[in-house]
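Heads up, the thing below is written out as C-alpha cells.
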C-alpha cells in the first residue's frame, strides 16, 4: 500500500449538466484507492484552477460533453498556469471528436478518454502519471 | 524548497500552504510544524459536526461568507470518509461551497479520514496549525457526520457547533449520541421545516439536565441553589439556535454566539481547558510515538510466532504483550505490577 494516495480533481467546466460520466469516474478512482475531489457542475476555469491549488492535486480531470472543449480546456490550462500549476497535468473525458485530439494535446492535455474507455485504463494512466511525478 | 516552505507559509503563500498540508497528511511535516508552532495560537477554530444531511456544509459556507463580509480570512477543513475497502475517497464538500470560489480570503481543503489509528485528531490539529501560521483568522473544521471520529476531531476545536435538523430522532437519540456533551452551540438547521420547534424544545430541555446552574420552572428561568460553600464556577450554557443556512437565516446570530463563546473561553481566569487539551494532545502523541518505536524495535519475526502460540492456547494475548514490553524495556521490569 502506498503511503500517499493520489489526489485527483474531477471537474465539469462550462454549462453542460451531464455529470454521470464524471461521477462514474470519481467512483472508479476511489475504488482504485485514490482521493477524488469532486467539484460539481458549472465550474469556471478560475474556480477549477483555485480548487486544484488548494487541494494540491496530482492531476486534474475535466469532463466535457458540451462540445466547448476547444474553448474551455485551453482556458483551464491558462488559469492553472497563472496560479503556478503549470506542472499539474490535465486529462479530458467526454465527447471529444477525434479531429480535436491533436489540438487539445497541443494545449498540454496529457490524455483524452472517450466513451467506452475502461475505467481500468484511466486508473492505470493516472497511476503512471503520479508515479512519474513523485520521482521528480 | 524545504526551508523556504516554512517562510512561504508564514507569508501566506497559498501553494506553499497547500503543499505543506499534503506533507502533514503524509505524516512527514514535523520539521516544518516545529518551526511554525511559535506562530500559532491566533486563529479561532470552530468545529462543525452533526448527522449526515443536517446541512453542515451549507452552514459552514454561510458562516464563512459572514466572516468574509466582516473582512476576516477563513480556512475550511472539510472531512469526508475514506473507503475502508479501497483506501480511496470521494471528497464532495466543495460542491456545496461553490459560493466561496474565487475569494482569495478563503481556503478550502478537503481531507479524507484515511486509515490512521486514532491519528485523525493529530492530523487535523497539524493542518489547523498550518492555516493558523499562514494567518487565517478563522479555521472551520467540518466533520464526517457519523461516529466516533466526530468526537475525536471536535476536541481540537475551540468552539464546537452541533448541527441538527428537524425530525431526526427523539431527545433520547440526542443523549445517546453524546452530542450534548461536546456542543458549545446547538443549531437546529432547516428550521423552516415541520418539527423544528419540537426539536428546539427537546434539545433545550435536555440541556437543562446537564447544566445545573439555572433551570426552567413553569417557563421561568431560575438560578438553582447550591448547598456547598464552594463558589460555583461560571458555566457555559450552550444556546440552541435556529437557522436556514440556504437562506442565510440565523447566521449572524450564530456568528455572535461563536464570539460569545470565544469571550467566555478567553475570560476564564486560568484557561484550565487549554491545559487539558494540551495534556490530551501530549498523551495522544506519546501513545503513537511509543507505538511506532515499539514496532521499529521489536524484531519483525516475533508477531507471527506469537500468534501461533495464542491460537494454540499456549499463551494468552496479554502475557504475550507483557513479554514484548519486557523485551523492549529489560531494565524496567521491576515496575511491572
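Every number here is computed from the coordinates shown, using simple stated rules; none is lab data. Since the model is a prediction, treat every value here as computed from it, not as a measurement. Neighbour counts are summed over all protein chains in view; Cβ atoms, including those assigned to glycine, are modelled from backbone coordinates with ideal geometry.
Taking 7 Å steps out from each Cα toward its Cβ at residue A:127 and residue B:11 produces label points 4.0 nm apart. Among A:60-71, B:23-34, the peptide with the highest mean count of other Cβ atoms within 10 Å heads the list, and the full ranking is A:60-71, B:23-34. Ranked by the mean number of other Cβ atoms within 10 Å of their residues, highest first, the peptides B:319-329, B:124-134 come out as B:124-134, B:319-329.
Per-residue shielding of A:49-55, expressed as the average number of other chain Cβ atoms within 10 Å of the residue Cβ, stands at 6.
Entry note, the stretch A:40-95: relative contact order of 51 percent, from Cα contacts under 8 Å with a spacing of 6+ residues. Counting neighbouring Cβ atoms within 10 Å and putting the fewest first, the residues A:117, A:39 line up as A:117, A:39.
For the residues A:122, A:95, what sequence is obtained by ranking on other C-beta atoms within 10 Å, fewest first? Could the numbers behind the result be given before it?
Details: A:122 20, A:95 15.
If I rank by nearby Cβ atoms, fewest first, I get A:95, A:122.
As a rough guide to protection, the peptides A:42-50, A:12-20, A:100-108 ranked by mean Cβ packing within 10 Å, highest first, stand as A:42-50, A:12-20, A:100-108.
The mean number of partner chain beta-carbon atoms within 10 angstrom of a residue's beta-carbon across peptide A:71-80 is 0.
Considering all projection directions equally, how large on average is the shadow of the alpha-carbon convex hull of the stretch A:7-135, in square nanometres?
Taking the Cα atoms of the stretch A:7-135, their convex hull projects to 6.9 nm² on average.
The modelled label-to-label distance between residue B:302 and residue B:278, using points 7 Å beyond Cα along the C-beta direction, is 3.5 nm.
What separates the Cα centres of the stretch B:244-271 and the stretch A:17-76 is a distance of 36 Å. By the beta-carbon count within 10 Å of each Cβ, the least crowded to most crowded order of B:237, B:139, A:88, fewest first, is B:237, A:88, B:139. If you take every DSSP beta bridge whose two residues both sit in the protein assembly as shown, what share of them, in percent to the nearest 5, is antiparallel? The antiparallel proportion sits near 10 percent.
Any idea what the relative contact order of chain A is, in percent, if you count C-alpha pairs under 8 Å spaced at least 6 apart? Intermediate values should be presented prior to the final figure.
Working: 214 pairs, mean separation 34.2, N = 136.
The value is 25 percent.
As a length-normalised measure over Cα pairs under 8 Å and 6 or more apart, the relative contact order of the stretch B:14-170 settles at 40 percent. Under the simplified labelling scheme, the residue B:85-residue A:15 pair shows an inter-label distance of 3.9 nm, with each label point 7 Å from Cα along Cα→Cβ.
Mean residue ellipticity at 222 nm, helices only, the protein assembly as shown: -14000 deg cm²/dmol; runs of at least 4 DSSP H residues each add -39,500 (n - 2.57), and the sum is divided by the number of residues. Shielding by partners for B:91-100, please: the mean number of other protein chain Cβ atoms within 10 Å of each residue's Cβ. Neighbouring Cβ atoms belonging to other protein chains average 5 per residue here.
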